[in-house]
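S.K.: Pasting a structure here, questions to come.
Every number here is computed from the coordinates shown, using simple stated rules; none is lab data. This is a predicted model, so every value here is computed, not measured. Counting neighbours? That spans all protein chains shown, and the Cβs are built from the backbone with ideal geometry, glycine included.
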């Protein structure tokens, strides 16, 4: 594995105190278990925003509104010191709005909720702060209820925001509670009747349908799915007519076009998104995928590169670098393809190394045979988990009795890298990658396709496959391998030949040959063959070039 080590996080003094306190309470999961320690920490470090946020976990289960409001305001005041930063701001504002509502300060509550919604239109239903799956009539002090929303509408019947927030409240439950979908849409449409110039309200309706059918859409009939898509697109088009640069609406419309396989319509929306937000990694990635579908792999490579430049490197988050590797493969750029696949493999293996054992790691990487178990464990610990104590990491990793961790993602990456090496005519490395997949994930090895395609030949037209399961390139004077030939990709009549090669003498011979029908019935076979010198521009030359790594 080749990957740049992840930097170790530097803990602030209050975080160090908190870490020690968490070790002291151990498995005590009660919300108030950390309260004494948090009180001490905040007394010493009164600008520790995350401390106030953590204290709310205990306070919100009670009714001391004054204490809750003090901690909310303090957390917001010092939010610049928070690790969560802006990600926690909306949650804090929505809780403060709930306390303000409870205290009868609904004008202030509306202002805070409006800030929450405008800060993140797509995730705005999250302001509900509930763990329930259906609307609630009562809840803890910091959680919004259906009764709260009804009261807001009663107090502000002519303010579109009261209907907007009640609609978003129901939208929160739309995925789990079917009646909430209609309630959400009805309230949002009521808000539009009051404020017909709001583009965001149309976006919120589209978002509500997407939220409600994020999983259920796959169980719909084609006709119902088309109706759903038409409804969503209509709302997004209305939003963009009112506000052409509304980024969330552009993003959702681009995604809708992509899902409908209307890639030519999706690309202009992605173009506009990255023009408005040049650091939008997701838009670059998705535009790259659309360009792949439109037959523009070079444009896709550029977009995937921009996405990688603008996204944080995270363990097991490898979709974009895999996408670029696929695009490189389409353009026959084997070296950059293998580099990207190597990056993806390192991030995936590193991400699950906590769940792996030294036995599985050695099965994947036999080249580390001379390294000690401890040296390997320390290297992985330092590279991927620099904030974790070696003793904690090694306890599981060095457990020889631990079962092999199962994965389909990682072996698929090894097989992709094998294919890239095959296309590059480096069959030895290809077979190494195949063995990594088989030996490292034996539970799935029977599902791996052993016949891996070499580059198709046009004259004569045929597809060639190498059996990587039996290929062994260690004896260059007597190397044996199997080749399968077909005239069509996939199923069809095929010929299987076994060759023996002498790389030093540049000779080969056919050991056996068998011809099969499309159903796999043997039609003919013969054994034996004489040694022959390699003839230029023939199948024999191609086999020797790949197996013997001759340029």
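S.K.: So what's the angle, to the nearest 10 degrees on a 0 to 90 scale, between helix 106-119 and the longest Cα principal axis of the chain?
M.R.: 20
S.K.: Decide, for segment 235-285, between rounded, prolate and oblate: order the square roots of the alpha carbon gyration tensor eigenvalues as a ≥ b ≥ c, take rounded if a/c falls under 1.5, and otherwise choose prolate if a/b is larger than b/c, else oblate. Each step should come with its number before you reach the end.
M.R.: Values: a/c = 1.97, a/b = 1.05, b/c = 1.88.
The shape class here is oblate.
S.K.: So, one more: For a protection proxy built on the mean count of beta-carbon atoms within 10 angstrom, sort 233-242, 439-448 highest first, please. It would help to have the intermediate numbers written out before the result.
M.R.: On the way: 233-242: 19.1, 439-448: 15.7.
Order by mean packing, descending: 233-242, 439-448.
S.K.: Nearest 10 degrees is fine. How inclined is helix 222-242 to the longest principal axis of the chain, computing both from alpha carbons?
M.R.: 60
S.K.: Highest mean first, how do 194-200, 94-100 rank when packing is the count of other Cβ atoms within 10 Å averaged over residues?
M.R.: On the way: 194-200: 15.6, 94-100: 24.4.
With the highest mean Cβ count within 10 Å placed first, the list reads 94-100, 194-200.
S.K.: Which log10 I(q)/I(0) values, to two decimals, does the chain give at q = 0.10 Å⁻¹ under the Debye formula with one point per Cα?
M.R.: The Debye formula, applied to the Cα set alone, gives -1.05.
S.K.: Still on this structure, I have one more. Give me the percent of Cα-Cα pairs in segment 451-547 that sit more than 24 Å apart, rounded to a whole number. Display every interim value, and only then the final one.
M.R.: Details: 877 of 4656 pairs.
In whole percent, the long-distance tail amounts to 19.
S.K.: How high is the relative contact order of the chain? Use alpha-carbon pairs under 8 Å, at least six apart in sequence, and give a whole percent.
M.R.: Details: 832 pairs, mean separation 37.1, N = 551.
7 percent.
S.K.: With viscosity set to 1.306 mPa s and temperature to 10 °C, compute the Stokes-Einstein D of segment 393-525, Rh being the Kirkwood radius across alpha carbon pairs; µm²/s, no decimals. Working shown, then result.
M.R.: On the way: Rh = 16.7 Å.
Result for D is 95 µm²/s.
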